[in-house]
Amino acid sequence: MSTVAPDPDVSVVVIVYNDEERLPTAVGSVLEQTLRNVEVIIADDCSTDGSYEVAQKLASAHPGKVRAIRLPENSGGCGEPRNQGVKVARGRYVMFLDSDDTLERNACRNMIEAADRTGADLVSGLCVRVHTDSRHDKRILWYPWLYRGTRTLDSVAELPDLFVFDTLSTNKCYRRDFLLANDLTFPRGIHYEDLLFSAQAYLAAEKITLIPNTVYYWNVVEKTAAKSISNRRNEIRNFADRVEIHRRIDAILDRQGQDELKLRKDIKFLKHDLVLYLRELPFLDNDYRHGFAELARGYVQDFPEAAYAELDRVHAICAQLLLREDWTDLMPAIDTLINRNKISAPLVEHDGRIYWTDRYLDDPEMRAVLDVTTLGYHAKPVDAMFLRNQLTEYTARGGDLVLAGEIVNPLHTIAPDATLAAELEFRARRRSLQTFRFPVATPRHEGDAIAWRAEVPLARRLRPLGIIDDVWDVRLHLTVDGKRTTSRLTVGTVDLEHAQDLPVRPRLTRLMADRVEAQVSAKGHLAFRLIQQGQAARTGRAVVERNLHGGPARAAKGAYRKLRAVRRDLNSGDRKLQVYERMLTRLPVRKGTVVFESHLGKQYSDSPRAIYEELKRRGTPITAIWSYAGERPTGFPEDVELVRRWSWRYLRALAQAEYWIDNQGYPLRLAKRPETTYIQTWHGSALKRMGFDEPTYRMQSEQEQRAYQQALDRFDHFVVRSEHDVRTLARAYRIPEHKLLRTGYPRNDALVRAREGTEAGPEARRIAERLGIDPSRRVLLYAPTFRAHPDGRVRDFEFPFDVERFAARYGDQFTLLVRAHYLNRLTLPPSVAGRVVNVSAEPDITPLMLLADGLITDYSSVMFDYALLQRPIVFYAHDWEEYAEDTRGTYFDLLTEAPGPVPRTEEELFSVLDDLGGVHTRHEARLKEFVDKYGEYDRGDAAAQIVDRFFGPAGEAR
Amino acid sequence: MTERDIIFVANEVDELGGVGRWQAQLAGLLADRGHRVTIAGIAPANHPMDLGENPPFKTVTLYAQRPPGRPRRRRLLGPADPALRRHEAHMRGAADRLTQLFRAARPGAVIIVTQVWAMEWVALADTAGHIVIGMTHESFDTARKSSRFERVKKYYQDVDRLLALTQEDADRWVGEGMNNMGFMPNPLPIVPDTPSPRTEKVVASIGRLSHEKGVDLLLDAWAEAAPKQPGWTLRIYGRGEAEAELRARCTELGLDDSVDFAGQTEDVPGALRASSVFVQSSRGEGFPLVLLEAMACGLPCVAFDCAPGVREIVTHEEDGLLARPGNTTELARHLVRLMSDERLRDAMGEQALSSVRRFDPDAITRRWEELFDFLER
């Protein structure tokens, strides 16, 4: 309709250098844009192949839409071709595209719609890295958290992460006037030109809009071949360019007074940029290391204290050791940096803290850096440790291999007199049916480490298939007094490049591969790869590769996948549910079977356990089945049938049971047949709102609420311990009056009996002995509840008081038992050993309560139970407002109801503890009232009442 | 300005409800600007509404009776299933009529598909090179809980633009891989004239008495708020299946003296002008027109922040107060704040009156025209 061709909305500058094959695809992705009013400028960096001819052909095929320009000489980078492209661009906006990448179809439309709407100088969208050589075109999103939603910034300082992380120039759309007015160009003759250009553009832009749309596909070819030493050296050399670019950016930040951005960038440099190079250091000799350290030191030593303070333990250790050129301690630290679970250093214990090394302990600053107590290494048993295993010898001779190495022995965990045994295991990286094991001569202590050596007849014994299993990983299993720990072999400076490769005889003959060569994995570990050296192997393999993509192979692969899918389907939750409903629940009910479950199978504990034990004590003839969660059950009695939660046997047991007894809920989707009686014991009185009183349940749709109600309606009986429970829990779960069992909690029978002094509790005594509690000291139990982020994620546990100060002040009077909520994890420093004990792993809290002379809690429901003992309770409510204001709300105000002191700070807490006896006398009356109000039915006979009612009175056969 | 042929394709031409009202309003607004507008419905309405004497647009309905649903796909037969093929042939016949309609439109025409069910027919038709704009008239979260979620992703995949109600909803769809998203707010359904004097001690709630509208939550909140502000009345307009249950709940909470079930009203602006505060306690919303109406009457609004559409309309602490979804205590606190502070009511009410003008019908119509031009580029 319009007669004059308007100026294009967008000019896309496509740069190319010797890439004639892929150029048309890149240009095509622009021409096929949903926004039609675009132009392409192909900027050829003086290619020596036919790229420029291809560009000219594209230009003549699309006159007015595609233009081609050529640089007079090769510039060697991406910057100059882009600069030249921008010079001739006519569009209102400019975007950049590399010849090996593509634009998403709607990229231009989405970019300029956002720019026009917000008036932004720069719009940035999501970039997707496509790994073109992976089997399924693996896709990785580029900093997706920056691109969760549309967002407009008046300055990049509002979102430092954008400035710091997304340094690409290609996933962006720039107003052309903006580029020209600010004279924004790429630097020449230096690597990392994007970093500087993007930084300048971000800082110059008066408005930046981010859009969540995918705009750019960055095609990546992952080099499968291992890096050579010279590659690694080159990378270290590039570091000089990187530092130079960063210095230039710093100068601009300094001029603009952008201190916060500079700090964020410093932190990122230490955490990310530096790490890229640190990874290479283990493979290089000390000259290269020294050169790198000098360059790095020259740049990072001026970073402010605040930048180092943001680093996590391992990063900080690496940075400080690098500045000191302490290679001996740095190399293990780098290993842990790359393999985060690995324990790499021998470690030392000093004054009750754990340190990476003992070398700098007289320097207080370094001592703080090297303190790794919070990492919890010292609390791990040897079979839970992933230990550094440094390769010290690699010799290939003929078909045999000699390997030797040293395994780190942190804190002398492996005792000098421990019985040691070891074997090497070769396992294909892609799942295969084969593993090969080789014996290792007896490992022995050698200084701080465990030394080992093995002669491996690799050529004779390793029999790979020949296809699919090209890469083989090596592990070493070390057995220490019967406990096994598995390590990988860290290559370090052992020279694999000049090592001989070995002959190999695949099961599919030598036409698949004839040699195997050693290489280093991305994590720095020894691996082997099959190669084809001889003519026969090379042709043989080529034929196979061709056929792997042919029709019959596709059919075979398809059939295999289908088979796997069928198997997956048969064991899927939906299928199990179907079978449960249609078949299992039609089987006859087995009289006398009772299925027990506590806390979703996590423990053998709580009221279901108390009921079970009462049944057992009476010798009632029932078949008890306990459900457990996780890999293997721990702590369950030996004479009951155990079924794993959600297993077929579990479903069948539930389907045929006469009784279900649990304290939280069997899977919501499992319907209960009418012949089965469900006794819901529940697991605690409520302070926080529950069930249909929780906002999330209240907001559910009718359908969702109906489904939830149905699950709740499965309960035939619901145990309560007070009228408070009736008003809160029973109402919240809509339990009708006739289902209520006003018996009190079976789990609390022991507490009531202990109060009445009729029973001392042999189990409690056994636990006290096992935990090594000094009988002369009083015992305090600290049992806080967990806290959640606003989005519902559980927050990490942190002590709200200084546990070392506690131990120092009260260590001679109290033993503090700390029980974290089961959703939390906790590490104690060794300095408090014997005075503060972590009891989070104890399955049942009741014996711990019996042991304790006093309780410190915050808002945990343990307060309602412990009160039965009539012993002092301290409510350390340091964050009550935050907790009570949280979206759920509470049923009553703890601050006014609490039957004990409510300290709000550490100081207040300690002054309360100074006079625990006084607490008892002052609050005795209130504690009684509290029990009357919240535990009126807990009279010590709950289990007996329940068993009487459902299984007949004691002594009577059913 | 280009005068265009604009064809709406909707489930029905004149179904009573929010979408029907929106469609008739926008069609009228576009017709007023000189565009030639047609509304094509797939099926006749279940509960037809009155489109007026001479609507300024043409209407056509493809089926005389609501067509049967797509037969369930039987795995063994696959696409060869005769029942499936019969159904498709049947659909194709109706789609052919759409094709004729599209082909008869002049270049520059725009097809607006109001709902995804209608899109199933548009997808079978030849759109003759015209711009196709799809719409999803509900929040992302509501769509996600229904079968529409998968159908939106399937049938709207290749339309030129798929419009959500808000930027936030559009972004969520982008996260699902829909890269052709845009958004368009609904226009104000009424012209604000005389605002409420805000002198009556009345809090108003207007909506169907159904689970989704959450009046049960409102009663709980009112039970916390009312004792703190005696003399105020909560007037609940609307009727629906939950009415008896709600009345019983009201009595149980002892609120009969301060709650007034006023039944359905034909005069929404009148009801709003007789109140001083508006409250909405819905469990889910799209782009609630009644909030726009309340603001257009100068009322400060208190609402659960249950959907992007709600926070798009009400700005917390400026022209209303938002509570976390389901937190009745917080909703009650907000109500008490407004009931107890006349100056705050007036300030927020006046602010509402002016800020709601960004949804002025003229402004929204212009945005539509700019979108048409943009999609032609």
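Quick look at the numbers
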read-out	value
Nearest-20 debye value, the range A:229-379 charge dipole, Cβ charges on Lys, Arg, Asp, Glu	620
Beta bridges per DSSP with both ends in the range B:1-143, % antiparallel, nearest 5	5
Where Rh is the Kirkwood radius over Cα pairs, Rg/Rh for the range B:188-287	0.96
Average beta carbon contacts from partner chains per residue of A:701-707, 10 Å cutoff	3
Distance between modelled label sites at A:ALA309 and B:THR265, nm, 7 Å Cα→Cβ extension	5.8
Charge dipole of chain B about the Cα centre (unit charges at C-beta), most positive-ward option of B:LEU217, B:HIS35, B:LEU101	B:LEU101
Under 5 Å, built H, 5+ apart or other chain: amide partners of A:VAL836	A:LEU816
Separation between Cα centres of the range A:13-53 and the range B:295-356, rounded to whole Å	54
Protection proxy ranking, peptides B:146-152, A:522-528, A:31-37, A:497-503, average beta carbon neighbours within 10 Å, highest first	A:522-528, A:31-37, B:146-152, A:497-503
By average C-beta atoms within 10 angstrom, highest first, the peptides A:631-638, A:137-144	A:137-144, A:631-638
Charge dipole magnitude, Cβ of K and R +1, D and E -1 - the range B:168-207, Cα centre, debye nearest 20	240
Of A:LEU850, A:ASN219, B:THR329, farthest towards positive along the dipole that unit charges on Lys, Arg, Asp, Glu beta carbons give the protein assembly as shown	A:ASN219
Ellipsoid semi-axes in whole angstrom, largest first, where each is sqrt(5λ) of the Cα gyration tensor of the protein assembly as shown	53, 51, 34
Order of B:THR251, A:THR676, B:THR136, A:THR336 under a 10 Å beta carbon neighbour criterion, fewest first	B:THR251, A:THR676, A:THR336, B:THR136
Residue (of A:SER29, A:ALA884, A:ALA115) at the positive-pole extreme of the protein assembly as shown, dipole from beta-carbon charges	A:SER29
Sum of -39500 (n - 2.57) over DSSP H runs of 4+, divided by residues of chain B (222 nm, nearest 500)	-12500 deg cm²/dmol
Value of relative contact order over chain A, rounded to a whole percent, pairs C-alpha under 8 Å and six or more apart	6
Over the range A:228-319: Kirkwood hydrodynamic radius from C-alpha pairwise inverse distances, Å	13.9
Mean ellipticity per residue at 222 nm, deg cm²/dmol - from DSSP H runs of n ≥ 4 across chain A, formula -39500 (n - 2.57)	-10000 deg cm²/dmol
Separation between Cα centres of the range A:92-122 and the range A:235-249, rounded to whole Å	29
Local net charge near A:LEU168, Cβ-Cβ under 13 Å (Lys/Arg +1, Asp/Glu -1)	-2
Amide H contacts under 5 Å for B:MET181, placed H, 5+ residues apart	B:LEU162
Chain B: DSSP helices with Cα axial extent of at least 20 Å and average Kyte-Doolittle hydropathy no lower than 0.0	B:18-32
Karplus 3J(HN,Hα) series, Hz, for the range A:802-817 with 6.51 cos²θ - 1.76 cosθ + 1.60 (x for Gly, Pro)	7, 5, 6, 5, 4, 4, 5, 7, 10, x, 8, 9, 10, 9, 9, 8
Shielding of A:113-125 by partner chains, average beta-carbon count, 10 Å	1
Average beta-carbon neighbours from other chains, 10 Å sphere, peptide A:690-700	4
Residue exposure sequence - A:MET583, B:MET49 - by fewest surrounding Cβ within 10 Å	A:MET583, B:MET49
Rg over Rh [alpha-carbon atoms, Kirkwood Rh] for the range A:761-934	0.94
Over chain B, relative contact order from alpha-carbon pairs under 8 Å, at least 6 apart, %	14
Karplus 3J(HN,Hα) series, Hz, for the range A:105-122 with 6.51 cos²θ - 1.76 cosθ + 1.60 (x for Gly, Pro)	4, 9, 3, 5, 4, 5, 5, 6, 4, 5, 5, 5, 5, 9, x, 6, 7, 9
Share antiparallel - DSSP beta bridges, the range A:68-217, percent rounded to 5	70
With eigenvalues of the C-alpha gyration tensor scaled by 5 and rooted, the range B:202-359, Å	22, 17, 15
GluC sites (Glu not before Pro) lying in DSSP loop within the range B:1-105, provided at most 13 other Cβ fall within 10 Å	B:GLU3, B:GLU53
Cleavage-rule hits, trypsin sites (Lys or Arg not before Pro), the range A:351-455, DSSP coil, Cβ neighbours within 10 Å at most 15	A:ARG429, A:ARG430, A:ARG431
Phi-based couplings in Hz for the range A:284-290 (Karplus 6.51, -1.76, 1.60; Gly and Pro marked x)	10, 7, 5, 4, 5, 4, 5
Euclidean distance of C-alpha centroids, the range A:355-383 and the range B:1-64, integer Å	74
Placed amide H near B:ASP14: partners under 5 Å, 5+ positions off or other chain	B:ALA45
Rounded to 5, percent antiparallel among DSSP beta bridges of chain A	55
Computed P(r) (all Cα pairs; the range B:72-150; 5 Å bins; percent)	3, 14, 18, 18, 16, 15, 12, 4, 1, 0
0 to 90° range, to nearest 10: angle between helix A:79-88 axis and chain A longest Cα axis	70
Test item: Cα-centred dipole of the protein assembly as shown, Lys/Arg +1 and Asp/Glu -1 on Cβ, debye	6040
Chain A: angle of helix A:229-256 to the longest principal axis, Cα-based, in degrees nearest 10	80
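We did not get these values from a lab; they are worked out from the coordinates using the rules stated. Keep in mind that this is a model prediction, so the values were computed, not measured. Note that we place each Cβ from the backbone using ideal geometry, even for glycine, and neighbour counts take in every protein chain shown.
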